[in-house]
Amino acid sequence: MMRRLGIAVVTAVAVAAAVTPTGVAQQVGGRRHRVTIQGLRFTPADVVAAPGDTVVWVNRDLVPHTVTAKDKSLASPSESQGIAIDDKVSHDAAVLRNWEFFRAPLAGIVCMHRDLGLADALSVGMFLQTLLLALTERGLGTCVEVSIAGYPEIVREQLEIPAQLTILCGLAVGYPDPNFSGNRLHVSRDSIEKNMVFLDR
C-alpha cells in the first residue's frame, strides 16, 4: 500500500455550482471566497457561500485533498483509491491507513528543534526530499505522513520525543504494492510560469 508523494504545493480549485472536468474554476458571478488547507486545517474554518459564489481551495498540505458538499451536490474527484464519494466506511478505512503508516515495515518521525525558524524548516524539507529520492533510487517506496502533525502530543508521549523537538511529519518506508489503487495516483503540477516570476533588468 506504499506510495510516494512529492513535496510540492498543489493548488486544488473547486467552485460552488460550477466545476469543470479538469477541476479548473469557472467564474459564475457572486462573491469570491478563498480557503487554505495547511496542516490538515482549514483557514478560515467556516465559509458561507451563496449560489453563484466562487470558492477557491488552496491546498498547501503535502497530500491531496477532496472537496465534498454534505448533500453531495458538489464533489471533486475522489476515485483515485477506487472509493465512491458516498462510501463513508471506505473513506474512514483510507484515513486509518495514514495512522497505520500504510503498514510499512519502517516508520520515521521528522522533527525540528523548537528554537529554529521558517528558514531552517526549508533545510529540513530539502533534507527530506533528498532522503525520499535516495530511497526511491534504491527501489523503496515512501509516503510523507503529514496527518500525524495534527496530534503531536500523542506522538510525543508514545515515542518519548523530547519537548524541544517540533514534530513536522511522519515518514513510511517500504516496498510499494503495485496492486494498491492509491499507487496509481498522480498529482499534476502547474507550469513553471505559474510558480515563478522572471525579471529581466
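The values are calculated or read from the model by the stated rules, or taken from the named source; none is laboratory data. The structure displayed is predicted, hence computed values, not measured ones. Methodologically, a virtual Cβ is constructed for each residue, glycine included, from the backbone with ideal geometry; neighbour enumeration extends over all protein chains shown.
Residues of the range 123-151 being modelled with pLDDT of 90 or more and not hydrophobic (A, V, I, L, M, F, W, C), which ones?
Of everything in the range 123-151, those that are modelled with pLDDT of 90 or more and not hydrophobic (A, V, I, L, M, F, W, C) turn out to be 123, 125, 129, 130, 136, 137, 138, 139, 141, 142.
Is it true that residue 120 is modelled with pLDDT under 95 and part of a helix (DSSP H, G or I)? I'd like the intermediate steps shown before the answer.
Working: modelled with pLDDT under 95: yes; part of a helix (DSSP H, G or I): yes.
Yes.
Answer yes if at least one residue in the range 110-126 is touching a strand residue (DSSP E or B) at 6+ places or on another chain (Cβ under 6 Å) and surrounded by 18 or more Cβ atoms within 10 Å (Cβ to Cβ), and no otherwise.
Yes, some residue in the range 110-126 is touching a strand residue (DSSP E or B) at 6+ places or on another chain (Cβ under 6 Å) and surrounded by 18 or more Cβ atoms within 10 Å (Cβ to Cβ).
Counting only residues that are part of a helix (DSSP H, G or I) and at pLDDT below 90, how many does the range 155-201 have? First the steps, then the outcome.
At the first step, the residues of the range 155-201 found to be part of a helix (DSSP H, G or I) are 155-159, 181-184, 192-194.
In the following step, the residues that additionally are at pLDDT below 90 were identified as 181-184, 192-194.
Of the residues in the range 155-201, 7 are part of a helix (DSSP H, G or I) and at pLDDT below 90.
Considering the range 132-146 alone, what residues qualify as being assigned to a helix (DSSP H, G or I) and closer than 23 Å to residue 160 by Cβ?
So the first thing to find is which residues in the range 132-146 are assigned to a helix (DSSP H, G or I), and the list is 132-137, 146.
Correct list: 146 only.
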